[in-house]
Amino acid sequence: MSSNDGNYSSSTACIFCGIVEGREYAYIVAEEKGVVAFLDRYPVNLGHTLVAPKTHYENVFDTPGAVLADMILLAQKIATAQRLALNATGVRIVMNNGKSAGQEISHAHLHVIPYGTARLNRVMLDEGTGRRVAQALRQALSTLANP
């Protein structure tokens, strides 16, 4: 994904900014306005997706409300796609803020974790699975947009 057209500020050391700018590879699921969704490289469960702003904000405390709204709206779509494409029976949406709360990447993001899918226990996502799951979620999202 190469979506940096000069409208995004970044932190060169931030892996999520690298994904937005096309310097880092990710299995992109969706992209809207100022937010992007991609598969977690070390998923809890099959289909675990991250939703992050394209602009670098560290956490909930410095992310503008409008950006947070865009993030949760995309997370809702991803959750619905996980139910459709992966037969998820439940979905957890969580945001860790600060190292003491479990935040590992200092770029604001939501975890959209499906349940009722295969438990992967944070093992690195392999290429075949990443491509297959991202494609399935994109397909489900396209059917939601075009009923």
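The values are calculated or read from the model by the stated rules, or taken from the named source; none is laboratory data. Everything quoted here is computed from the prediction, not taken from an experiment. Note: ideal-geometry Cβ built from the backbone for every residue, glycine included; neighbour counts use all protein chains shown.
Please indicate, with yes or no, whether at least one residue in the range 60-79 is more than 16 Å from Glu104 (Cα to Cα), touching a helix residue (DSSP H, G or I) at 6+ places or on another chain (Cβ under 9 Å), touching a residue at least 24 places away in the same chain (Cβ under 8 Å) and not in a helix (DSSP H, G or I).
Within the range 60-79 (the criterion being more than 16 Å from Glu104 (Cα to Cα), touching a helix residue (DSSP H, G or I) at 6+ places or on another chain (Cβ under 9 Å), touching a residue at least 24 places away in the same chain (Cβ under 8 Å) and not in a helix (DSSP H, G or I)), the answer is yes, since at least one residue qualifies.
Can you tell me which residue is farthest from the chain's Cα centre (by Cα) among those in the range 92-115 that are charged (D, E, K, R) and exposed (fewer than 12 other Cβ atoms within 10 Å of the Cβ)? Don't jump to the end; show me each part of the working.
Of all residues in the range 92-115, those charged (D, E, K, R) come to 92, 99, 104.
Keeping just the survivors that are exposed (fewer than 12 other Cβ atoms within 10 Å of the Cβ) gives 99, 104.
Working: Lys99: 19, Glu104: 14 Å.
Selected residue: Lys99.
Hey, could you check the range 124-147 for residues that are among the aliphatic types (A, V, I, L, M), part of a helix (DSSP H, G or I) and exposed (fewer than 13 other Cβ atoms within 10 Å of the Cβ) and say which is modelled with the highest pLDDT? Talk me through it step by step, then tell me what you get.
We begin by selecting, within the range 124-147, every residue among the aliphatic types (A, V, I, L, M); these are 124-125, 133-134, 136-137, 140-141, 144-145.
Still in the list and also part of a helix (DSSP H, G or I): 133-134, 136-137, 140-141, 144-145.
Okay, now just the ones that are also exposed (fewer than 13 other Cβ atoms within 10 Å of the Cβ), so 144-145.
Numbers: Leu144: 90, Ala145: 77.
Among them, the one singled out is Leu144.
Of the numbered conditions (1) farther than 20 Å from Cys14 by Cβ; (2) without any contact (Cβ under 8 Å) to a residue 40 or more places away in the chain; (3) among the β-branched types (Val, Ile, Thr), Thr129 satisfies every one except a single condition; which is it?
Of everything listed in (1) farther than 20 Å from Cys14 by Cβ; (2) without any contact (Cβ under 8 Å) to a residue 40 or more places away in the chain; (3) among the β-branched types (Val, Ile, Thr), Thr129 misses just condition (2).
I'd like the residue in the range 22-38 that is outside any loop (DSSP other than H, G, I, E, B) and surrounded by fewer than 23 Cβ atoms within 10 Å (Cβ to Cβ) and, out of all such residues, is farthest from the chain's Cα centre (by Cα). Spell out the reasoning first.
Taking the range 22-38 as the starting set, the residues that turn out to be outside any loop (DSSP other than H, G, I, E, B) are 28-32, 35-38.
Imposing the further condition that a residue be surrounded by fewer than 23 Cβ atoms within 10 Å (Cβ to Cβ) reduces the set to 28, 30-32.
On the way: Ile28: 8, Ala30: 8, Glu31: 9, Glu32: 12 Å.
Across the range 22-38, the extreme among qualifying residues is Glu32.
Give the number of residues within the range 80-104 that are in a strand (DSSP E or B) and more than 17 Å from Ala37 (Cα to Cα). It would help to see each step written out before you state the result.
Restricting attention to the range 80-104, the residues satisfying the condition of being in a strand (DSSP E or B) are 90-94.
This time we only want the ones that are more than 17 Å from Ala37 (Cα to Cα), so: 90.
Final tally of qualifying residues: 1.
Considering only residues that are within 20 Å of Asn59 (Cα to Cα) and modelled with pLDDT of 95 or more, which ones fall in the range 21-31? Working first, answer last.
Let us first name the residues in the range 21-31 that are within 20 Å of Asn59 (Cα to Cα), namely 21, 31.
Within the range 21-31, Glu31 is the sole residue that qualifies.
Does at least one position in the range 101-115 carry a residue that is touching a residue at least 60 places away in the same chain (Cβ under 8 Å) and over 26 Å from Cys14 (Cα atoms)? Step through it out loud before you land on a result.
Taking the range 101-115 as the starting set, the residues that turn out to be touching a residue at least 60 places away in the same chain (Cβ under 8 Å) are 105-107, 109-115.
Narrowing further to those that are over 26 Å from Cys14 (Cα atoms): 115.
For the range 101-115, residues touching a residue at least 60 places away in the same chain (Cβ under 8 Å) and over 26 Å from Cys14 (Cα atoms): present.
Pairs under 6 Å by beta carbon, first residue without any contact (Cβ under 8 Å) to a residue 12 or more places away in the chain and more than 15 Å from Ala88 (Cβ to Cβ) in the range 134-147, partner aliphatic (A, V, I, L, M) and in a helix (DSSP H, G or I), six or more apart or different chains?
Nothing qualifies.
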